[in-house]
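So the structure is just underneath, and the comments pick up after that.
No lab work stands behind these numbers, since they all come straight from the coordinates. All values derive from a computational prediction rather than experimental measurement. Cβ coordinates were reconstructed from backbone atoms using ideal geometry, including for glycine residues, and neighbour counts include every protein chain displayed.
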Amino acid sequence: MEAVRRAAEALLDRFSLALTPAEVSTYALWAAYEALGCSDPFEEEKRHYNQLALGMYPRLKGMVRGRLSAAVKVAAAGNIIDLGILDSVDIEGTIKEIFAEGFAIDHLDAFLERLDRAERILYLADNAGEIVFDRVLVEELRRHGKRVIFAVKEAPILNDATLEDALAVGIGEVAEVVRTGSGQVGTNLSDCSPEFLKEFKAADLIISKGQGNFETLSEVEGPIFFILKAKCSEVATELRVKQGEAVFLTRM
């Protein structure tokens, strides 16, 4: 812990208000990984929660019953639930809660209108384990005749989903899986590969999961719909919601 602390402190002079919180987190994590001598400290945890979430997949599918709006809420539930304590969480109860209370910001109508005109959808993944919840939404999009490109990290960072994670939970069976070319928290377009940027620009609709993606893409123009829980006071203030609330919004 002392080595990790010293590694992070050495970066302080590189931090500035021009950086997004996701970028600051990335640099601190990279320094910690170097100090630990490990490129993926969360590898075993990600594998564990992928398998745990897969065990819930039949129940998640049963909650949707062909309803796209319900699939969006299931995907949101994956971001609401802290997968690090998934063993002690009432999954069905949490999903029923979001079904009953809905989103603090809900742009479903705008999403459905845009979806009706869309053919190519880019889905920006967040965490391992959570991507099983995303699979439910991806399958509903496919059922509506949409082509889905599912984007994951190029390299491990925190417990974010990588290609290995996506294939392990069967995303490759329902979508085209691509890598962003970046191993940073969120989706920092300046760090992404030319191949991914082509996918980003070609998308008729983009679904962005999680707070890190919101932090890096909230000011990017485009048909982006964000699904996230406001997990910190700063993001909650930005969104004008209460900390801990879920949102489904676009800034188009």
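Here the Kirkwood formula, the inverse mean of 1/r across different C-alpha pairs, assigns the chain a hydrodynamic radius of 18.4 Å. Note: relative contact order over the stretch 43-250, using C-alpha pairs below 8 Å and six or more positions apart, is 23 percent. The stretch between residue 67 and residue 164, if pulled fully straight at 0.36 nm per residue, gains 32.0 nm over its current Cα-Cα span. Of 139, 221, 119, which has the largest mean-square fluctuation in a 10 Å C-alpha GNM of the chain? With Cα springs under 10 Å in the chain, the top fluctuation among 139, 221, 119 is at 221. Remark: the stretch 66-77, residue by residue, has Karplus-estimated 3J(HN,Hα) of x, 9, 5, 4, 5, 5, 4, 5, 4, 4, 5, 4 Hz, where x stands for each Gly or Pro and the curve is 6.51 cos²θ - 1.76 cosθ + 1.60 at θ = phi - 60°. Within the listed set 147, 59, 47, the Gaussian network model of the chain (springs between alpha-carbon atoms below 10 Å) gives the highest mean-square fluctuation for 59.
Applying the Karplus relation 6.51 cos²θ - 1.76 cosθ + 1.60 with θ = phi - 60° to the stretch 107-119 yields 3J(HN,Hα) values of 9, 4, 4, 5, 5, 5, 5, 5, 4, 4, 9, 9, 10 Hz, where x marks Gly and Pro. As a rough footprinting exposure proxy, the listed residues 135, 114 were ranked by other beta carbons within 10 Å of their own, and the order from fewest upward is 114, 135.
Residue order for 204, 116, fewest other beta carbons within 10 angstrom first, comes to 116, 204.
Amide hydrogen proximity for residue 177: with H placed 1.01 Å from N in the peptide plane, the residues at 5 or more positions away or on another chain lying under 5 Å are 150.
Placing a label point 7 Å from the Cα of residue 190 along the Cα-to-Cβ line, the residues of the stretch 1-44 whose backbone N sits under 20 Å from it are 11-31.
For residue 197 and residue 117, FRET efficiency with R0 = 22 Å and r from the beta-carbon atoms, rounded to 0.05?
Working: r = 23 Å, r/R0 = 1.02.
Calculated value: 0.45.
Cα extents for the stretch 163-252 along the principal axes, largest to smallest and rounded to whole angstrom: 36, 28, 23. Fully extending the segment from residue 155 to residue 51, taken as 0.36 nm per residue of separation minus the present Cα-Cα distance, adds 35.4 nm. Maximal additional length on extending the residue 110-residue 44 stretch stands at 19.9 nm, based on 0.36 nm per residue less the C-alpha distance. So which residue, out of 230, 35, 18, gets the largest mean-square fluctuation from a GNM of the chain using Cα contacts under 10 Å as springs? Of 230, 35, 18, the Gaussian network model singles out 18 as fluctuating most.
Every helix of 4 or more DSSP H residues in the chain counts as -39500 (n - 2.57), and over all residues that averages to -14000 deg cm²/dmol at 222 nm. Per-residue Cβ neighbour counts within 10 Å put 196, 133, 99, 42 in the sequence 99, 42, 196, 133, beginning with the fewest. Taking amide H as placed 1.01 Å from N in the peptide plane, the amide H of residue 105 sits under 5 Å from that of 248, each at least 5 places away or on another chain. Between residue 94 and residue 17, the modelled labels are 3.6 nm apart [label points 7 Å from Cα along Cα→Cβ].
Taken one residue at a time, the phi angles of the stretch 152-165 give Karplus couplings (6.51, -1.76, 1.60, θ = phi - 60°) of 10, 5, 6, 9, x, 8, 6, 10, 5, 6, 10, 4, 4, 5 Hz. Gly and Pro are set to x.
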